[in-house]
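I'd like to ask some things about the structure below.
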Amino acid sequence: MTQLLSNIVTKLTEHTLNVGPLEWFYREGKTTANSDKLPVVLLHGLPSQSHSWTVIMPELVQQGYRAIAPDWIGCGYSSKPDQRDFAYSPDAFLVALSDFLQALQIEKFYLVVQGFLGSVGLQYALKNPQQIEKLIILNAPITTEAKLPWQIQQLGLPFIGDMLTQDPLFVDRTLEKGSKYTVGDDDLDIYRRPYLKTSAAGRSTLATIKNLQLNQVTSEIETGFANWQQPTLLIWGMIDPWLNFSQAEKFTNICQNTKLVKLLEAGHYAQEHWSNQIAEEMLLFMRQ
């Protein structure tokens, strides 16, 4: 994310928040000026973390929005409980996310989701439409045609997944395979760090992928968004090797109140390399 640093001076802060037995890590940016704009919640995909939003967040803050990006439970710097204590299922993530937002007293907001785990954010929107001002989706599993790619699927397999997820370099391989571009060393250092710190990070990744229930979840998404009313922006990296553009086209036919933006040179993790362009599209959409 070499766009970061030079031309953006807004400072992001890092926080931990204990909600019941779970500790959430989240990044936040907020303006010091009075603003009546609703906050923006940004949810990352697999095997990423909230760091992936750190170019976009200052752009939002400079326009008066409060930006909040948590690490999902089991990811990044949030807690990584044993499977006996946290099921790593969509339902478990939904309850945890709801509790997190309640603890921050966030009642209505703009929701941004990306990637595999973005599906949980979409489920949350369907269950809580009154909370969503507008929805923004970046390359996420949004139809039943979406399948977990082998690059990620193998991380959840018995024995193989145990071995792969204990090697921090799987993060490099996955992010760069999905992006189709090299990810900067400074960013990779941040993404790898949780896996270097504790073996629980790998075990949580394995459990998350093993329990993703993608077929069931995408069926729920496809059915639910046929009745979705809130304005929705779909930003699609056109060289995503895992989620075909035909899925984006199908979604826009299902969900009528959707604007589609194509990023011709972006892959699955579009915000890694095209953050400024994404921020422009988001801000334009949110102001409309």
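Read the figures in this text as sums done on the coordinates, not as results from a lab. This is a predicted model, so every value here is computed, not measured. In this analysis, Cβ positions are derived from the backbone assuming ideal geometry, glycine residues included, and neighbour counts consider all displayed protein chains.
Kindly list, by first and then second residue, each pair from a residue in the range 193-216 that is at positive phi and surrounded by fewer than 23 Cβ atoms within 10 Å (Cβ to Cβ) to a residue that is part of a helix (DSSP H, G or I) and not aliphatic (A, V, I, L, M), limited to pairs with Cβ atoms under 8 Å and residues at least 6 apart or on different chains.
Within 8 Å, the pairs are 213/90.
Right, next: Does at least one position in the range 126-134 carry a residue that is assigned to a helix (DSSP H, G or I) and either touching a Pro at 6+ places or on another chain (Cβ under 9 Å) or within 27 Å of residue 276 (Cα to Cα) (or both)?
Looking through the range 126-134, at least one residue is assigned to a helix (DSSP H, G or I) and either touching a Pro at 6+ places or on another chain (Cβ under 9 Å) or within 27 Å of residue 276 (Cα to Cα) (or both).
Could I ask something else about it? Go through (1) without any contact (Cβ under 8 Å) to a residue 40 or more places away in the chain; (2) surrounded by fewer than 16 Cβ atoms within 10 Å (Cβ to Cβ); (3) of a type outside the set (Lys, Arg); (4) closer than 25 Å to residue 193 by Cβ and name the single condition residue 93 misses.
Here residue 93 meets the rest and fails (2).
Against the definition (out of contact with any Lys or Arg (no Cβ under 7 Å at 6 or more places or on another chain) and in a loop (DSSP other than H, G, I, E, B)), how does residue 277 come out, yes or no?
In short, no.
For residues in the range 34-82 being in a loop (DSSP other than H, G, I, E, B) and of a type in the set (A, V, I, L, M), which is farthest from the chain's Cα centre (by Cα)?
38
Something else now. So which residues in the range 96-122 are in a loop (DSSP other than H, G, I, E, B), touching a residue at least 40 places away in the same chain (Cβ under 8 Å) and loosely packed, with under 15 Cβ neighbours inside 10 Å, if there are any at all?
108
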